[in-house]
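Since the structure comes first, as structure tokens, the remarks are kept for the end.
The values are calculated or read from the model by the stated rules, or taken from the named source; none is laboratory data. Owing to the predicted nature of the structure, the values given are computational and were not obtained by experimental measurement. Don't worry about glycine lacking a Cβ; one is built from the backbone with ideal geometry, like all the others, and counts go over all protein chains shown.
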Amino acid sequence: MYDVQVVRKDFPILERQVHGRPLVYLDSAATSQKPQAVIDALADYYSRYNANVHRGIHTLAEEATAAYEDARRRVADFIGAASPRSVVFTRNTTEAINLVAYAWGRRTLRPGDEVVLTVMEHHSNLVPWQLMAQDTGAALRSVDITEDGCLDLEAFHKLLGPRTRLVALTHMSNVLGTVNPVVAMARAAHSYGALVLVDGAQSVPHLPVRVQELACDFLAFSGHKMLGPTGIGALYAREELLEAMEPFMGGGEMIREVQLERSTWNEVPWRFEAGTPNIADAIAWVAALDYLEALGMAPVRAHELEITAYALSRLQEVPGITIYGPRAAEDRGGVVAFNLKEVHPHDVGTALDQYGIAVRAGHHCAQPLHRRLGIGSTARASFYVYTTAQEIDALVAALHQTQEFFTRVAGRAGRPL
Ligand code: 7TS
């Protein structure tokens, strides 16, 4: 039985007050909070065995190296990768996608080749491909959405062709919450010989994700959105793809032998980890994986579905609210973006903060999507393992008061805000 109150006790930050009220943290899509076990793992590393990895022969260096490489194994296991050699540590999802764009795209793409993206991508899965298209002459194609905020699959199939080299798409939208049918899309892309990159920033933390079942070639994700520390993420790639790729960055650790004028490369995945890596955060990420595995990813998903369904139904009670994305909770993850009539989302965010409620407001690094929806920005509530129905009630009550307040002010001023 999933007991959210027991889970909450593991997160010291949830005891905080903000503006004299208990913190209601509804911004986990931006970054999640951390359980005590992750905070302890960081302190333990720095207190007991801090040392550089792969190069020392002393005890501390051996312990740090073993823990760092164990973290790689654990990340591989978490996503069902066959081998830890398929996992490159990066700073975050953004760096993982850039790694593919530079180490694979720059070498592979030719003028006239096509990269298929979607209109709901985060900027980190758009801008690297724009840079790559400028450098290589490849063309970008974009899949539109339907009225209910799902990908237009008919349009997707029409975009695929013999020139398609890559389909790069998010598993779950950080604005609409839409969970995309990546398995079927990957199958279609592969039938044209294209590779598939899945942006798992919002899915790996919230859904059971197994790379073998997804049939993706690349999967990018971040530790900080899944209870782990900031500054650590991963790129999963099929090992033979990594073998065929040239380095992204040059420096220490990624080489086998260096001459003054040329070098040879280390084995994968170390070929892609130039310089001293983020040892502490990789090791502490394991404590987050342990935590999620102890809860079970299926129960985590079930809890979020319940919270999301409750939020979707309760938010509809707020007068003048527009909710974006699929109507059914099953089609989405724990993210609800919305707007109040005639109240700017930034004002919504500032007003909610006065009630101790943390949401994000803005374009959420998805400007093309907001443009497609005909709006500049949204307010967004996002949920995770520690979110309760009472917190949704607090959000709805505060939104009622915010709407009322702004309507009164607008009424007194005799004009819409
Ligand atoms: N892809 C998606 C779908 C995301 O939601 C994010 C971060 C990223 C990529 C980039 O992740 P990073 O760890 O490299 O920064 N999304 C958000 C968000 O929705 N609010 O703040 C960050």
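Within segment 332-352, the residues that satisfy the criterion of being in contact (Cβ under 8 Å) with a residue 40 or more places away in the chain and either within 16 Å of the ligand (Cβ to nearest atom) or aliphatic (A, V, I, L, M) (or both) are Arg332, Gly333, Gly334, Val335, Val336, Ala337, Phe338, Leu340, Val343, Val348, Ala351, Leu352.
Counting the residues of segment 379-393 that are in a strand (DSSP E or B) and of a type in the set (D, E, K, R) gives 1. Annotation: of all residues in segment 204-227 being of a type in the set (Gly, Ala, Ser) and in contact with a Ser or Thr (Cβ under 8 Å, 6 or more places away or on another chain), the one that is nearest to the ligand (Cβ to nearest atom) is Ser222. Answer yes or no: is there a residue in segment 2-9 that is aromatic (Phe, Trp, Tyr), within 16 Å of the ligand (Cβ to nearest atom) and farther than 30 Å from Trp270 by Cα. No, segment 2-9 has no match at all.
Within segment 314-328, residues that are more than 14 Å from Ala397 (Cα to Cα) sit with their Cβ atoms under 6 Å from residues that are of a type in the set (Gly, Ala, Ser) and at pLDDT 95 or above, at 6+ positions apart or across chains, in these pairs: Tyr324/Ala337; Gly325/Gly149; Gly325/Gly177; Pro326/Gly149. Among the candidates Glu95, Glu154, the residue that is among the acidic types (Asp, Glu) and either touching a residue at least 12 places away in the same chain (Cβ under 8 Å) or surrounded by 15 or more Cβ atoms within 10 Å (Cβ to Cβ) (or both) is uniquely Glu95. Of all residues in segment 212-241, those being within 21 Å of Glu69 (Cα to Cα) and crowded, with 23+ Cβ neighbours inside 10 Å number 16.
Scanning segment 81-100 for residues that are within 18 Å of Ala280 (Cβ to Cβ) and within 13 Å of the ligand (Cβ to nearest atom) turns up Thr90, Arg91, Asn92, Glu95. With respect to (1) closer than 29 Å to Ala337 by Cα; (2) surrounded by fewer than 13 Cβ atoms within 10 Å (Cβ to Cβ); (3) of a type in the set (Ser, Thr, Tyr), the lone exception for Tyr25 is condition (2). Among the conditions (1) over 30 Å from Pro181 (Cα atoms); (2) within 26 Å of the chain's Cα centre (by Cα); (3) touching a residue at least 24 places away in the same chain (Cβ under 8 Å), the only one that Phe405 does not satisfy is (2).
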